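J.: First the structure, then my questions, so here it is.
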Amino acid sequence: KAVFGTVCFACHGPGGAGLVGPNLTDKYWIHGNKPSDLAKTVETGWPEKGMPPQAAMLGPEKTRKVVAFVLSLRNTNVKGKEPQGDFME
């Protein structure tokens, strides 16, 4: 939560409900919702969509922590940005 609060909140909001970036609390995912999908997204980013790579800044341990936190947000359905991507349980 601490890493998310310092690195990710500007685009995803403090609770993950989305601002510029997508809502991470719903059942819709743009680049997959498996731990490996999220780790790839955090590490390499999606620069063409505004998500910068974070691997150099975070390193492996903080990347794992932020991925674990994002996974804890999944399906909490915080009201925020409209759903984007594919429906995934």
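The values are calculated or read from the model by the stated rules, or taken from the named source; none is laboratory data. Treat the numbers as computed from the prediction; the structure is a model and nothing was measured. Note: ideal-geometry Cβ built from the backbone for every residue, glycine included; neighbour counts use all protein chains shown. These area figures cover heavy atoms from the full protein model, side chains too; ligands, DNA and RNA do not enter into them. Shrake-Rupley method; radii C 1.70, N 1.55, O 1.52, S 1.80 Å.
J.: Kindly provide the set of residues from the range 1-20 that are touching a Cys at 6+ places or on another chain (Cβ under 9 Å), within 11 Å of E82 (Cα to Cα) and buried (at least 19 other Cβ atoms within 10 Å of the Cβ), ordered by number.
T.: Hit for the range 1-20 is G18, nothing else.
J.: Closer than 16 Å to L71 by Cβ and surrounded by 14 or more Cβ atoms within 10 Å (Cβ to Cβ): which single residue out of A55, A39 fits that description?
T.: A39
J.: Sticking with this structure for a sec: With the structure loaded, tell me whether G85 is open to solvent by 40 Å² or more (accessible area, probe 1.4 Å), touching a strand residue (DSSP E or B) at 6+ places or on another chain (Cβ under 8 Å) and of a type in the set (G, A, S) or whether it fails that test.
T.: So G85 fits the description; yes.
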